[in-house]
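Asker: One structure, pasted below without further comment.
The values are calculated or read from the model by the stated rules, or taken from the named source; none is laboratory data. Everything numeric in this text was worked out from a predicted model, so none of it was measured. Methodologically, a virtual Cβ is constructed for each residue, glycine included, from the backbone with ideal geometry; neighbour enumeration extends over all protein chains shown. We work out accessible area using only protein heavy atoms, side chains counted, and drop any ligands, DNA or RNA first. Shrake-Rupley method; radii C 1.70, N 1.55, O 1.52, S 1.80 Å.
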Amino acid sequence: MKRTFVILLFILSTLSVTAVYGQQDDPAARERTRQRLADLLDKTGPPLNLTFSQSTKQPFNYIAMLKTGLVNADSFEVVISVTTKDTIGFRIYPHYNKGYINVDNVKDRAGLMRLLLRLSDRAFLFWGSDETGDIFTGYTFTLESGFPEEAVKIVLRSIVNSDKFVGEMRPFIDGSSAGGVK
């Protein structure tokens with residue numbers, strides 16, 4: 001009986017690991033996803049003032065700069081990645097005062113990080129920092145249910161809304177007042 005239980009437990013644990021880690025590295029699927037994303041970005045980006053180009057350093061990344069319709073940020077650098085694990089990741093870096101917002105170079109690090117945590121709770125896009133400390137807002141799609149064309153459009157349209165959050169960050173970045181014009 002004990003042996004049967006152990007075998008059953010092993011089978012169940014293998015099944016759950018397969019379900020959780022079932023995303024496989026399929027180069028052909030990744031290529032198809034990249035092409036669908038490129039077609040969508042070519043069609044959807046320009047009306048939103050986003051002209052995407054394929055990265056020369058990473059061919060599964062697309063990059064654009066949003067510079068219009070912003071009050072607080074100088075621009076937003078939009079990086080969209082098609083990963084090896086069947087996901088599409090958005091990382092949108094606000095540029096403020098001619099550069100990235102880096103947690104190591106702000107006036108109040110702890111205050112900024114607390115604000116980012118609160119923003120991740122109340123905003124549509126989550127907020128974080130990359131391995132170099134640069135602040136970004138983002139979204140990640142899993143492709144298990146197919147290509148999320150309409151959802152990608154919604155994220156693209158939502159980018160400009162993150163400008164107000166850069167306004168909220170200003171007191172922590174450089175001590176200027178929240179919101180308004182730089």
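Asker: Of the conditions (1) modelled with pLDDT under 95; (2) open to solvent by 50 Å² or more (accessible area, probe 1.4 Å), GLY179 fails just one. Which one is it?
Answerer: (2)
Asker: Give the residues of segment 56-86 that are open to solvent by less than 20 Å² (accessible area, probe 1.4 Å) and not aromatic (Phe, Trp, Tyr), sorted by residue number.
Answerer: Selection gives ALA64, LEU66, ASN72, ALA73, SER75, VAL78, ILE80, VAL82.
Asker: Can you find, within segment 153-182, the residue that is nearest to ALA73 (Cα to Cα) among those that are aliphatic (A, V, I, L, M) and in contact with a Phe, Trp or Tyr (Cβ under 7 Å, 6 or more places away or on another chain)?
Answerer: Of all residues in segment 153-182, those aliphatic (A, V, I, L, M) come to 154-156, 159-160, 166, 169, 173, 178, 181.
Now drop any that are not in contact with a Phe, Trp or Tyr (Cβ under 7 Å, 6 or more places away or on another chain), which leaves 155, 159, 166, 173.
Working: VAL155: 18, ILE159: 12, VAL166: 6, ILE173: 12 Å.
It comes out as VAL166.
Asker: If you don't mind, another one. Could you figure out which of (1) touching a residue at least 12 places away in the same chain (Cβ under 8 Å); (2) within 13 Å of the chain's Cα centre (by Cα); (3) open to solvent by less than 90 Å² (accessible area, probe 1.4 Å) isn't true of PHE124?
Answerer: Every condition holds for PHE124 apart from (3).
Asker: Evaluate segment 150-163: report whether one residue or more is of a type in the set (Asp, Glu) and exposed (fewer than 15 other Cβ atoms within 10 Å of the Cβ). Reasoning before the result, please.
Answerer: Taking segment 150-163 as the starting set, the residues that turn out to be of a type in the set (Asp, Glu) are 150, 163.
From the residues that got through so far, the ones that are exposed (fewer than 15 other Cβ atoms within 10 Å of the Cβ) too are 150.
Looking for residues that are of a type in the set (Asp, Glu) and exposed (fewer than 15 other Cβ atoms within 10 Å of the Cβ), one finds at least one in segment 150-163, hence yes.
Asker: It is to be established whether one or more residues within segment 57-75 are in contact (Cβ under 8 Å) with a residue 12 or more places away in the chain and part of a helix (DSSP H, G or I).
Answerer: no
Asker: Output the residues belonging to segment 103-135 that are in contact with a Leu (Cβ under 8 Å, 6 or more places away or on another chain) and part of a helix (DSSP H, G or I).
Answerer: VAL103
Asker: Taking only segment 137-173 into account, find how many residues are in a loop (DSSP other than H, G, I, E, B) and in contact (Cβ under 8 Å) with a residue 60 or more places away in the chain.
Answerer: Residues that pass the stated criteria total 4.
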